[in-house]
Amino acid sequence: MDGMQAVLLLAVAIVAFSAGLGSAWWISARTAKGKLRSAREQASAIITLAEGESTALKARIVKKARTELDNERAEFYAQRTALEKERAKLDQDKQQFRAKNDRQRKKLSNRNRRLTKKQKLLGNAAEAIAILQAESEKINRQAESLRASADKLMQQASQRIGDLDAKEHQLNSLINDRIEKLEVIAGLTQEQAHQHLREEIIGKAQEDAALELLEIRDEKERTAKHEAQKIVLTTMQRLATDEVEPNSVSVVPVPSESIKGRIIGREGRNLRAFEAVAKVDLLIDDTPGAVVVSSFDPYRREIARIALSRLIRDGRIHPASVERFVNKAKKTVEEEIREIGERTALELRLRGMKKDLTSIVGKMKYRTSYGQSLLSHSIQVARLCSLMAAEMGLDARTARRAGLLHDIGKVLQESDDQPHALVGMEYCKRYKEHPTVCNAVGSHHDEIEMTTLYAPIVQVCDAISGARPGARHIRREEYLERLKDMEEIAKSFDGVGLAYAIQGGRELRVIVQHTRISDQGTRELAENISSRIQSELTYPGQVNVTVIREVRGQATAR
């Protein structure tokens, strides 16, 4: 029994030990899980914190690297710009040096040519001097022989003069005797007879001269109008060409479409620089192989066209090169203007014209009036004036000079304060042109009085060149509106019944009511209408205003 209890107690003890051991294991496992969970949470927090710190550190490092890269890039661009400027300056210096060398070489060549020519002239002069000396000796010998002959002739003449004096004395005495006898017979002295005869001859001559003058005047009145029409028509038929310049754009060809992007530049800086320097508009669109230069000033448009063409050929397009090429193009156009003026004066055979004045003539190529080329118009007026002056028996060269210079005021005129005719006249006076030419230039629109026959010739030829079909570019709507405005201005005056614009707007005929406008009032009305047309309308040439006042009386005899 005691053994069983001992076994039982041992079993109980073993069970209790096992239970205690299991409890201890369960408690320790539970505690280990809690520690593991807390350790995991701490590790996760540490990882999260480490990731945040690494992200911030990475952002700071990237920002710092990017800032350093931007600084290095800006420094690189600055260095490249400086290098480009230095390269452009070197190119410019090289070109200037080459141009200077060319000029020096040309001067040396011209100097050598002049020296050679002078040496040749000196040789010819020496030969001419020897020939002249021989001729002089020969002439001296001939002069001595002539002097001897002259002495002989003088002696003979003296003898003959003595004989003639004696005969003259005898003749005078005979004439005096005859005159005394005639005075006794006529009962008049010699002076009274002379006076009576002079009065009869003068009266007869005055009558004949008056009759002849009347016949000449009648003949001139019959033929003057016919001759004037013949001269004008002949002149117009000999010069009838189309000189209209309707364009306001120039097209510059491009070799490829990629050039357009280079012309525009980064963010449009090249395009803005070109438009600012050249003062034109560039139209770059989808048109294949072309860039359009737009400007109403032909002078600026030509400079821009040349500069853009050279930029495209050069390929280095940036704001600095844009300004350089535009300045070069401006010099090129100025040289072309001088050449055009000199060539025009040479073609019209006008010598002695000042260089500044020929430059002004050359600028006419880049000026237009109602779409008509001013240079072509002036050359045509010059030739018309030459033909008309030749038909009238006047100096054709003076007429050509006045015709060529009549519109230079349009080139020089910077404001509308003074008419272009008066501006041109002042410049002609400044460059010592003949007063006849100055008067023709200043009076071709009736701003001043015409003092020579050349002034109306210039006025008529200017009207012929501007009024002929195809000379000036004007839309039909503008033309009809101008005629309507002329008629409306005339009808706005009191007493006007009807108004008609005729001859293409060159003449305005106004019919007034005779009960409200007197004969004196017609002249005043014509002046008032012409003043308003001149101040309110723009038109080529001139407008003649004719006011008609007519009174009709009618009766019937029965």
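Of note:
- Rounded to the nearest whole Hz, the Karplus-based 3J(HN,Hα) values (6.51 cos²θ - 1.76 cosθ + 1.60, θ = phi - 60°) of the range 95-106 follow the sequence 5, 4, 5, 5, 5, 5, 4, 4, 5, 4, 5, 5, with x at glycine and proline.
- Computed from phi, the 3J(HN,Hα) profile of the range 332-340 under the Karplus parametrisation 6.51, -1.76, 1.60 (θ = phi - 60°) reads 4, 5, 5, 5, 4, 4, 4, 5, 5 Hz, with x in place of Gly and Pro.
- Exposure rank, largest accessible area first [Y431, Y366; 1.4 Å]: Y431, Y366
- A simple rule links phi to the HN-Hα coupling: the Karplus curve 6.51 cos²θ - 1.76 cosθ + 1.60 with θ = phi - 60°, which for the range 262-273 gives 5, 5, 5, x, 5, 6, x, 6, 5, 4, 5, 5 Hz, with x for Gly and Pro.
- For V547, residues with placed amide H under 5 Å, excluding near neighbours: V510
- Other-chain or far-sequence residues with amide H under 5 Å of H514's (modelled H): E550
- Extension gain, R266 back to M392 (0.36 nm per residue minus Cα-Cα distance, nm): 38.7 nm
- Bridgeable lysines around K138 (alpha carbons under 27 Å apart, same-chain partners fewer than 8 residues away excluded): K152.
- Accessible area of F17 in the full protein assembly, 1.4 Å probe (Å², nearest 10): 140
- E127 contributes about 120 Å² of solvent-accessible surface, heavy atoms of the protein only, 1.4 Å probe.
- Cα-projected label distance for S149 with Q92, points at 7 Å along beta-carbon direction, nm: 8.0
- In this label model, Q79 and R532 are separated by 7.7 nm, measuring between points 7 Å along each Cα→Cβ vector.
- Violating pairs (Cα-Cα greater than 28 angstrom) within the set K260/K363; K279/K429; K330/K355; K117/K328: K260/K363; K279/K429; K117/K328
- Most to least packed among 19-31, 446-458, 295-307 [average Cβ atoms within 10 Å]: 295-307, 446-458, 19-31
The values are calculated or read from the model by the stated rules, or taken from the named source; none is laboratory data. For clarity, every value in this text was computed on a predicted model and none was experimentally measured. Please note: Cβ atoms are built from the backbone with ideal geometry, for glycine as well, and neighbour counts cover all protein chains shown. Remember, those area values only see protein heavy atoms, side chains included, never the ligands or the DNA or RNA. Shrake-Rupley method; radii C 1.70, N 1.55, O 1.52, S 1.80 Å.
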